[in-house]
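Laboratory data are not the source of any read-out in this text; all were calculated from the coordinates shown. Computed from a predicted structure; not experimentally measured. Note that each Cβ is placed from the backbone with ideal geometry, even for glycine, and that neighbours are counted across all protein chains shown.
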Amino acid sequence: MKVDAKTEADGTLNMPARDIPLPTTVSEQARAYLALPRPPFPDYPALTNTEAWRKIVASRDKFFLDMGGERVARGMARAEKHVIAGADVYIAEPRQGAARPGKLCLSFHGGALLFYGGPLTAFDAARSADQTGCVAWSVDYVMPPDAPYPAGLDQAVAVYREALKTHAASDIVVNGISAGGNIAAAMILKARDAGLPVPGGAILRTPELDLTESGDSFATHMGIDNVLPYPLETLTALYAGGADLADPYLSPLLGDFTKGFSRTWLQAGTRDLFLSNCARMHRALLKAGIEAELHVWEAMPHAGFGGISPEDKEIDIAIGDFVKRLWP
């Protein structure tokens, strides 16, 4: 196929409209997921319209529950709600076999730093327990429109501080997908800066590590990622509440890792809008002498193929393998 691409004087690459076929290199389930239509570009209300944002959050959370159906409902039913350090925390044990004694997975749910909190946090707890083989605490961290940054991050640090009363830092693995990856990584940085020991490991799945959205894939993958086809600048502005997006506690990719960080497992896909986040984080950690590994799945968009494809099962296996190597 001939592509008539042109480069402008400033280096901008102009690409003509083109058709991108479904890949033949992934499973049937993955192909079906990639064929789903892109959502329309969202028409968000003003950042100050709190009631409108509350309705958007409720609608999006219902959509996630309906989309996940019985699979999500079963996971939610397995976790119990507790209050730890003033935060709602859902606790679940692995579905298969006994939990690793003395080990803890401290998890943070995804959802663009705005969605999938409340009872849906229970699903994250159950999934995290199954993936890691550990008892999982999933923190229902507070979010906008009522609680912008740094409220949720401060809760994350407080729950981690409480976990350290019963667990050695080396016996804790922190887990986060998408926005949860942002909270997980930022929590490690903020806890470290507060003088706390860093967790033994970090699992960052397609993480939202750079709220400035400066990476290359934010341009090259726009519209190609069918889960995140558009930038998240409005949502990140709502979360940040006027704070500088380049602050490492908002964009942990921009942090100083030479002061210490957890051994890290990163995951992305070749169609993932956040691919640059993972590639850059991997290089930054290695340059700082932190052990890190990057796993990239073929044709995968943000957050996987809906959680039901063979490729999604491969991710679960790879996470379990990382935990086994973390604690032989």
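Brief remarks on what is shown
- From most to least packed by mean Cβ count within 10 Å, the peptides 90-96, 136-142 give 136-142, 90-96.
- Per-residue HN-Hα couplings for the range 230-239 [Karplus 6.51, -1.76, 1.60; θ = phi - 60°; Hz; x = Gly/Pro]: 10, x, 10, 4, 5, 5, 5, 5, 5, 5
- R0 of 35 Å, Cβ-Cβ distance Glu28-Glu70: FRET efficiency to nearest 0.05: 0.95
- Residue exposure sequence - Phe64, Phe41, Phe218 - by fewest surrounding Cβ within 10 Å: Phe41, Phe64, Phe218
- Rounded to the nearest 20 debye, dipole of the range 54-109 from Cβ charges on Lys, Arg, Asp, Glu: 100
- Gyration tensor over alpha-carbon atoms, the range 45-326, equivalent ellipsoid semi-axes in Å: 24, 22, 21
- Each of the peptides 184-193, 312-321, 42-51, 247-256 was scored by the mean count of other Cβ atoms within 10 Å over its residues; in descending order, highest first, they stand as 184-193, 247-256, 312-321, 42-51.
- A cut-off of 5 Å between modelled amide H atoms, ignoring neighbours fewer than 5 places along the same chain, links Ala246 with no other residue.
- Non-local Lys pairs in the range 45-326, i.e. 8 or more apart or on different chains, that have alpha carbons under 16 Å apart: 4
- Gyration tensor (Cα) of the range 107-252, equivalent ellipsoid semi-axes in angstrom: 24, 17, 15
- In terms of surrounding Cβ atoms within a 10 Å radius of their Cβ, Met222, Met15, Met300, Met76 rank from fewest to most as Met15, Met222, Met76, Met300.
- No Cys partner within the rule (Cβ under 4.7 Å), the chain: Cys278
- ³J(HN,Hα) computed for each position of the range 46-59 - Karplus, 6.51 cos²θ - 1.76 cosθ + 1.60, integer Hz, glycine/proline x: 4, 4, 8, 8, 4, 5, 5, 5, 4, 5, 5, 4, 4, 5
- Proximity of backbone amide H atoms, modeled 1.01 Å from N, is registered between Ala202 and Val174, Arg263, Thr264, Trp265 at under 5 Å, excluding neighbours fewer than 5 places apart on the same chain.
- Secondary structure note: in the chain, about 30% of the DSSP beta bridges are antiparallel.
- From phi via Karplus (6.51, -1.76, 1.60), per-residue ³J(HN,Hα) for the range 274-284 in Hz, x at Gly/Pro: 9, 4, 4, 3, 5, 4, 6, 5, 4, 5, 5
- Each peptide among 66-75, 259-268 gets the average number of other Cβ atoms lying within 10 Å of its residues, and from highest to lowest they stand as 259-268, 66-75.
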